[in-house]
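Q: Following this message is one structure expressed as structure tokens.
The values are calculated or read from the model by the stated rules, or taken from the named source; none is laboratory data. What you are looking at is a predicted structure, and each value in this text was computed from that prediction instead of being measured. For neighbour counting, all protein chains shown are included, and Cβ atoms are generated from backbone atoms with ideal geometry for every residue, glycine included.
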Amino acid sequence: MKFSASFVLLAVSAVFATANPLQAVLLHNEPHRVASSQDALLERITELSALNADPVELYKLVDPEGAAGLDEPRLLHIWGEEKAEWLTEGDKLRLHRQGLKFTDITETRELGNKNKLKVQAITEFPKISYGTRVRDVISHLSVHNLRDNLEKLTSFFNRFYKSENGAASSHWLYLQVLDIIAKADPSIPLSIRKFTHTFPQSSVIARFEPKHPSPNRTAAVIIGAHQDSANYLHPLLPAPGADDDGSGTVTILEAFRALVERKFTPEYPVEFHWYAGEEGGLLGSRPIAAEYEALGRDVRAMLQFDMTAYTKANHTPTVAFITTDVSTPLTEYGILLAEEYADYPVQRKRCIFEVRRSVLICLRNFFFLGAKLFPRAGSDHMSWHDAGYIAAFATEGDPYTEFDPYVHTANDTMYLPNGEFSFDHALEFSKVAVAFAVELGGWV
Ligand SMILES: [Zn+2]
């Protein structure tokens, strides 16, 4: 949300209207300065948020209109908790303050029920066999495009799913995808869809249709990232979201562009999804997965890219796969693809060993390849996983030791010191996205 003059006036009138402790603080701290500029108001929100003022109270005070739905009951599954519980839209802001993430299942409680009755189609994956073509597409990927697109994407005040800014950034993204499609060779069957939601931000779906459609090859290969961002201190504050998940957004946009440029014509439908509202509890991906399930549409495999550019100082940059809430066979296949086509090392199994009867035993929790995510973190692949489809999750490093400390703050920018934000790193993931599209989608 941009801070217009009327917005500031509203905020100030709210300050004078009633007298609770929070308003008193705002009032006490030179309200005329608050009125003088939007920067001052932002400063006050930041300050009060840092003082732990309740984010919902603060929201109602400074933007009563925007805060209208905050008392609405929502059924939230907090990650790491056993069960979902009824909280409110405003409680999401309180959870964010505590660094907690969640899935909002209010409208999608039935997700996965129908698919449970079906036998999963694919458990084995094709042999890697499109080396020449994949490498040709990869050679047309450009770091400059990643940088240009991310510069624009992060220039939005924030990309909060409930805000006008979130709607505007989503429309900008839609136009970028549309522009790529408009420039495509007319012989490539491509389509684009704005998937609208109950909030202002839309998801965007681009699709390569199979060259020769066949009833045996209707299952889609899906590559995803989330386009929204959020400042967990307060949603009215700036959230450039360069790494989370602007990086994944431009990573897959560049893979899509290069595939179009090299006239990719798959055997299976191949889709690129840019999800809205991930930070609101997977609010973009869940309705999409639910629609596919309701329509009986099959998904061959889904791969999410969330955070692809952060490179911790003094750490070797890698390609990593998360092992929670994913299909293990698909994760192993993703690792194989990354080892084949990416130039950075791919994180492998990390066993935590225990000595039992003088034998080293690799503890079961760490048996799988890749890095295990915090129990309270995740991304949009979980929606597909919950819907009963095969999904995996690629990310920039080990979440335990290489986690980006700037995410969900105003400091998640592409201008980090000491090369901590690396477009070369993100490009490695564009390579993985290309490989995933071609090796699983086939190429006629
Ligand atoms: Zn994210």
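Q: Report, by residue number, each residue of segment 299-317 that is part of a loop (DSSP other than H, G, I, E, B) and over 19 Å from the mean Cα position of the chain (by Cα).
A: The answer is K312, A313, N314, H315, T316, P317.
Q: While we're here: Which residues, counting only those in segment 247-298, are over 19 Å from the mean Cα position of the chain (by Cα) and part of a loop (DSSP other than H, G, I, E, B)?
A: Those that are over 19 Å from the mean Cα position of the chain (by Cα) and part of a loop (DSSP other than H, G, I, E, B): R262, K263, F264, T265, P266, E267, Y268, P269, L295, G296, R297, D298.
Q: Can we say G90 is part of a loop (DSSP other than H, G, I, E, B) and either at pLDDT below 95 or outside the structural domain of A301 (by TED's automatic domain parsing) (or both)?
A: Criteria not met by G90.
Q: Spot the failing condition for Q304; the list is (1) within 16 Å of A394 (Cα to Cα); (2) without any contact (Cβ under 8 Å) to a residue 24 or more places away in the chain, and only one is missed.
A: All conditions are met except number (2).
Q: Which residue is surrounded by the most Cβ atoms within 10 Å (Cβ to Cβ), if the candidates are limited to segment 390-419 and must be of a type in the set (A, V, I, L, M, F, W, C) and not in a loop (DSSP other than H, G, I, E, B)?
A: Here the residue is A394.
Q: Got a sec? Which of V143, V137 is surrounded by fewer than 16 Cβ atoms within 10 Å (Cβ to Cβ), β-branched (V, I, T), modelled with pLDDT of 95 or more and in contact with a helix residue (DSSP H, G or I) (Cβ under 9 Å, 6 or more places away or on another chain)?
A: Answer to the check: V143.
Q: Considering E340, E332, which residue is modelled with pLDDT under 95 and among the charged types (D, E, K, R)?
A: E332
Q: If you check T265, T249, which single one turns out to be touching a Phe, Trp or Tyr at 6+ places or on another chain (Cβ under 7 Å), over 14 Å from S383 (Cα atoms), surrounded by fewer than 24 Cβ atoms within 10 Å (Cβ to Cβ) and assigned by TED's automatic domain parsing to the domain that holds F195?
A: Every option except T265 fails the conditions.
Q: For the subset of segment 298-320 comprising residues that are of a type in the set (A, V, I, L, M) and more than 30 Å from A219 (Cβ to Cβ), which member is nearest to the ligand (Cβ to nearest atom)?
A: Top of the filtered list is A309.
Q: Then there's this: Could you tell me which residue of segment 61-87 is surrounded by the most Cβ atoms within 10 Å (Cβ to Cβ), considering only residues that are part of a helix (DSSP H, G or I) and in contact (Cβ under 8 Å) with a residue 12 or more places away in the chain?
A: The selected residue is V62.
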